[in-house]
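Chemist: Pasting a structure below so you can have a look.
Computed from the coordinates by the stated procedures, all read-outs in this text should not be read as laboratory data. Computed from a prediction, not measured in an experiment: that's the story for all the values here. Ideal geometry is used to build each Cβ from the backbone, glycine not excepted, and the neighbour counts take in all protein chains shown.
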Amino acid sequence: MSVREKLPVLLPEMKAYATALTKEPDSAEDLVQDAVKKALSAEKQPDDPAALKPWLFRIIRNLHIDGLRKEKTRLEYSADQARLSDEETGQSENVLNSILVRQALIEITDAEREILYLIDVLGFKYSEAAKVLDIAEGTVMSRISRARRSMLTRIEETNVKPLERKRKRLWR
């Protein structure tokens, strides 16, 4: 029995498992839909009908874990952005670094910015970024390396330097 033939029978159990993981029926529905899509597009599917159910449930679990990781990364990024926005001007070095990074992001190419956001900001794995960009995983690795190097070059080439902090005098 193929995956396509067995799916209708397993859907209620898959939905129940996904609901147990997400605790939200709508999220569970999305998770099952993503799992079905992934299962149907998989190059290698289990030949043994007994192995099909655990395989599908593992797909659901892995997709759920990936989603949690991505959400955690997004929340951390949002918190960092809020922190950067709320910093006091007395922390000029951190503010300056933030400005330098933002300026460098503007100056790099669109392709470099895209790969940096996928990998370094959103926390995608190389394989996930490769699928998003429809390129080989090795190409993702070389592009992220070049993009990081390009960012550092732009930051180092700037003529903006942090001010030296004044030393407190021990005498008057």
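Chemist: With just the Cα atoms defining each centre, how far is the range 92-137 from the range 22-51? Give it in Å.
Modeler: 30
Chemist: Would you mind counting up the charge near L40? Only other residues with Cβ under 14 Å from its Cβ, with Lys and Arg at +1 and Asp and Glu at -1.
Modeler: Charge balance in the 14 Å sphere: +2.
Chemist: Right, here's the next one. Among all lysine pairs in the range 3-74 that are eight or more places apart or on different chains, how many have alpha carbons less than 29 angstrom apart?
Modeler: 28
Chemist: Let me ask you something else. Karplus couplings for the range 15-20 from phi (6.51 cos²θ - 1.76 cosθ + 1.60, θ = phi - 60°), rounded to Hz, Gly and Pro as x?
Modeler: Couplings: 5, 5, 5, 5, 5, 5 Hz.
Chemist: So what is the relative contact order for the range 97-151, in percent, with contacts set as C-alpha pairs under 8 Å and at least six apart?
Modeler: 42
Chemist: From the backbone phi of the range 134-145, what are the Karplus-calculated ³J(HN,Hα) couplings (6.51 cos²θ - 1.76 cosθ + 1.60, θ = phi - 60°) in whole Hz, Gly and Pro given as x?
Modeler: Per residue, the Karplus-derived 3J(HN,Hα) values read 6, 9, 6, 4, x, 5, 4, 4, 6, 5, 5, 4 Hz.
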